[in-house]
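Data block below; observations after.
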Amino acid sequence: MPRTAVDDNKRMNLRVSPEAKAKLVRAAALRHTDLTTFVTQIALREAETVIEQDEVLRLTERDSVRVLDLLENPPKPNPKLRAAIAALPDTL
């Protein structure tokens with residue numbers, strides 16, 4: 001799992017080429033907003049997409065029915081599962 005970035009400072013510095021900055025400034029102006037708001041909105045939208053792709057599992061209806069069935073009617077432990085359970089450290 002990736003580390004969570006923690007920063008007490010509300011400032012973030014980015015280095016971009018003059019051409020990239022000019023393009024961002026132009027786009028922000030076309031949206032009638034300032035550069036900080038424009039970049040933040042776009043970056044947050046992309047961040048939400050990346051997080052959702054990593055953390056959300058989408059199942060077909062067939063697969064979700066299968067998962068629910070396995071939860072309600074789990075299979076009997078096979079030898080490999082028994083061996084894995086036996087290898088777990090005793091935590092109690």
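All of the numbers you see were taken from the coordinates with simple rules; none came from a lab. In this text the structure is predicted, and so the values were computed from the model without any measurement. Ideal geometry is used to build each Cβ from the backbone, glycine not excepted, and the neighbour counts take in all protein chains shown.
For the ranges 68-75, 38-45, what's the packing order if you count other beta-carbon atoms within 10 Å of each residue, average per peptide, and put the highest first?
38-45, 68-75
Using 0.36 nm times the number of residues separating Leu71 and Asn13, minus their current alpha carbon distance, what extension gain do you get?
Answer, rounded to one decimal: 16.1 nm.
Quote the charge dipole size of the chain about the Cα centre in Debye, to the nearest 20; the model charges only the Cβ of Lys and Arg (+1) and of Asp and Glu (-1).
360
Tell me the Kirkwood hydrodynamic radius of the chain in angstroms, computed as one over the mean inverse distance between distinct C-alpha pairs.
Every distinct Cα pair counted, the radius reaches 19.0 Å.
Given the rule -39500 (n - 2.57) for each run of at least 4 DSSP H residues, summed and divided by the residues of the chain, what is its mean residue ellipticity at 222 nm, to the nearest 500 deg cm²/dmol? Before the final figure, lay out each step's value.
Working: 4 runs with 55 residues, N = 92.
Only helices count here, giving -19000 deg cm²/dmol.
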